[in-house]
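The values are calculated or read from the model by the stated rules, or taken from the named source; none is laboratory data. These numbers were taken from a predicted model, which means no experiment stands behind them. Cβ coordinates were reconstructed from backbone atoms using ideal geometry, including for glycine residues, and neighbour counts include every protein chain displayed.
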Amino acid sequence: MRRFDAIFVGAGQAGPFLAARMAERGMKLAIIERKFLGGTCVNAGCMPTKTLVASARAAYVSRRGPELGVKIAGEVAVDMQAVRRRAHQITMDARNGLADWLGSMDAVTTIYGQAQFKAADRVGVNGETLAAPRIFLNVGARPVIPDLPGINDIGYLTSTSILDLDTLPRHLGVIGGSYIGLEFAQMYRRFGAKVTVIERGAHIASREDEDVSEAIREILEAEGIDVRTGAERIAFARYGEGIRISLDGGDIDASHVLVATGRKPNTDDLGLDVAGVAVTPRGYIAVDDTLSTNVPGIWALGDCNGRGAFTHTSYNDFEIVAANLLNGEDRKVSSRIPAYALYIDPPLGRVGMTEREAASLGRKVFVSKRPMAQVGRAKERDETRGFMKVIADAETREILGAAILGIEGDEAIHGFIDAMNAGTRYTDLQWSVPIHPTVSELIPTLLRGLG
Ligand SMILES: Cc1cc2nc3c(=O)[nH]c(=O)nc-3n(C[C@H](O)[C@H](O)[C@H](O)COP(=O)(O)OP(=O)(O)OC[C@H]3O[C@@H](n4cnc5c(N)ncnc54)[C@H](O)[C@@H]3O)c2cc1C
């Protein structure tokens, strides 16, 4: 039995960085990965999808060239094999870079295989048992496949398998109108496919305020995407060469179906019960505010703990655990202000509470909203879709949350992220002097609308 100072299960966006930090302290570490180093972000998430989004945007901008006085001879065509190759290359560069980096550390042993607990301080992999007083779980999540009639007969795609597609679907049916589904929907529409988004709820991007959800819908519909909400009864059947999706509002004749109905943690095949590690009713590993599980010596980081579902939250989990364990700090996950982006184009940048959340907490709030059509940069690029919105506490003047749906919204939102993390009152920012012409220059005006 090999002994280590710590074992990491899963090489996602937290474990490898924590292992490197512990290696600097002279510890001996094992990282067990059952598939690819870098996990979802590098191999099937952020990196390949944002590369595809960039190709889709290039097609969109090229088609709009003549509106900006740029002539393109002939039709704008998308080479799906080249698009896929580019995304794959970005993934391979990141995966190989991580392998080289981990390989350069003598203290780190990387083992490929499926890990399972043998005891609270023991993990089995490839028939061998490894022991360590500290075990860090960074096992991530995978797509959920809903139990819908006929779904198993149609050869559906997931957000992972669609990355291998190098031909253009005639008609892509996207089941699920949340972040992942919407990004793929718009990108495939821009590549040239007919696209229908099918959402069971009343709104797409339903975690957002209704005005944001509706604006996203308008953006997608304006590009020719058919959005069907309130789809209660969805069923599938093979139909000639294609797939028939039966819905209340009329059937859809698709060539491909992408199932994007959420993700679930990779916790069912880890042997957590053997170690006595508790999970939540939804299968996430239960953790306290320092990401420690109920079993001393076992931590859970990243998507598998249900405290975040993003690369930056997983990486922040690493920072919290490293600060507490190695630097004697007292950092807590509850101090994190949630922030994320939806990478449709224009993107949605979000931080903190929605208006609905603030209202449900009984906060008395001020809300200010301005259209992107007032942003000089947006007018100059002729991309004025969307709006920005901020929510503040009417008594304390604290900024509670913000949304920027518009060009560069994912970058401009950092003005709010920084202000909120610094605890700045909005009254201190109302008269700041921004740079012209930028998206952020509308922020002081937006804040002056807050009463
Ligand atoms: C299509 C898509 C697009 C996304 N876009 C974004 C984005 O733009 N921005 C963003 O912030 N987030 C995005 N995300 C989410 C982001 O990818 C994840 O939040 C992030 O990768 C989570 O990292 P993690 O560290 O929790 O685990 P992961 O990166 O999922 O890694 C977990 C690793 O553990 C391994 N593993 C699991 N079980 C075992 C076991 N028993 N033994 C050994 N190894 C095991 C897995 O193989 C995997 O490599 C996207 C996700 C998807 C699916």
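Here are the numbers:
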{"item": "Hits in segment 89-113 - residues which are in contact (Cβ under 8 Å) with a residue 60 or more places away in the chain and touching a helix residue (DSSP H, G or I) at 6+ places or on another chain (Cβ under 7 Å)", "result": "Leu98, Leu102, Met105, Ala107, Val108, Thr110"}
{"item": "Cβ-Cβ under 8 Å pairs, at least 6 apart or on other chains, segment 7-18 side at pLDDT 95 or above, far side part of a loop (DSSP other than H, G, I, E, B) and more than 9 Å from the ligand (Cβ to nearest atom)", "result": "Ile7/Ala132"}
{"item": "Residue among Ser440, Ser432 that alone is more than 27 Å from the chain's Cα centre (by Cα) and at pLDDT 95 or above", "result": "Ser432"}
{"item": "Residue tally, condition over 17 Å from the mean Cα position of the chain (by Cα) and crowded, with 21+ Cβ neighbours inside 10 Å, over segment 315-350", "result": "3"}
{"item": "Odd one out for Asp289 among (1) surrounded by 15 or more Cβ atoms within 10 Å (Cβ to Cβ); (2) more than 16 Å from the ligand (Cβ to nearest atom)", "result": "(1)"}
{"item": "Residue in segment 159-167 that is out of contact with any helix residue (DSSP H, G or I) (no Cβ under 7 Å at 6 or more places or on another chain), in the same structural domain as Tyr315 (by TED's automatic domain parsing) and within 14 Å of the ligand (Cβ to nearest atom) present", "result": "no"}
{"item": "Selected residue [under 30 Å from Glu199 (Cβ atoms), within 13 Å of the ligand (Cβ to nearest atom) and modelled with pLDDT of 95 or more] from Gly308, Gly352, Gly271", "result": "Gly308"}
{"item": "Lone unmet requirement of (1) surrounded by fewer than 23 Cβ atoms within 10 Å (Cβ to Cβ); (2) among the aromatic types (Phe, Trp, Tyr); (3) at pLDDT 95 or above for Tyr239", "result": "(3)"}
{"item": "Elements of type helices (runs of 4 or more DSSP H) contained in segment 342-451, each with 2 or more residues being outside the structural domain of Thr51 (by TED's automatic domain parsing), closer than 29 Å to Leu182 by Cα and not aliphatic (A, V, I, L, M)", "result": "355-360, 376-381, 409-412, 414-422"}
{"item": "Near pairs, Cβ below 8 angstrom, 6+ apart or cross-chain, from segment 126-150 (within 27 Å of Met22 (Cβ to Cβ)) to any residue that is acidic (Asp, Glu) and in a loop (DSSP other than H, G, I, E, B)", "result": "Ala131/Asp121; Ala132/Asp5; Ala132/Asp121; Pro133/Asp5; Pro133/Asp121; Arg134/Asp5; Ile135/Asp121"}
{"item": "Checking Arg244 against (1) part of a strand (DSSP E or B); (2) in contact (Cβ under 8 Å) with a residue 40 or more places away in the chain; (3) more than 16 Å from the ligand (Cβ to nearest atom), the condition it does not meet", "result": "(2)"}
{"item": "Subset of segment 1-13 that is more than 6 Å from the ligand (Cβ to nearest atom) and assigned to a loop (DSSP other than H, G, I, E, B) - its residue that is surrounded by the most Cβ atoms within 10 Å (Cβ to Cβ)", "result": "Phe4"}
{"item": "Scan of segment 194-209 for residues that are free of Cβ contacts under 8 Å to residues at least 60 places away in the same chain and either more than 18 Å from the chain's Cα centre (by Cα) or surrounded by fewer than 22 Cβ atoms within 10 Å (Cβ to Cβ) (or both), ordered by number", "result": "Lys194, Val195, Thr196, Val197, Ile198, Glu199, Arg200, Gly201, Ala202, His203, Ser206"}
{"item": "Members of segment 14-38 that are assigned to a loop (DSSP other than H, G, I, E, B), near the ligand (Cβ under 10 Å from one of its atoms), touching a Ser or Thr at 6+ places or on another chain (Cβ under 9 Å) and under 20 Å from Glu128 (Cβ atoms)", "result": "Leu37"}
{"item": "Among residues of segment 70-85, those that are surrounded by 16 or more Cβ atoms within 10 Å (Cβ to Cβ), part of a helix (DSSP H, G or I) and either in contact with a helix residue (DSSP H, G or I) (Cβ under 6 Å, 6 or more places away or on another chain) or not basic (Lys, Arg) (or both), counted", "result": "2"}
{"item": "Matching strands (runs of 3 or more DSSP E) fully within segment 114-191 where at least 2 residues are surrounded by fewer than 24 Cβ atoms within 10 Å (Cβ to Cβ)", "result": "116-119, 122-125, 128-131, 141-143"}
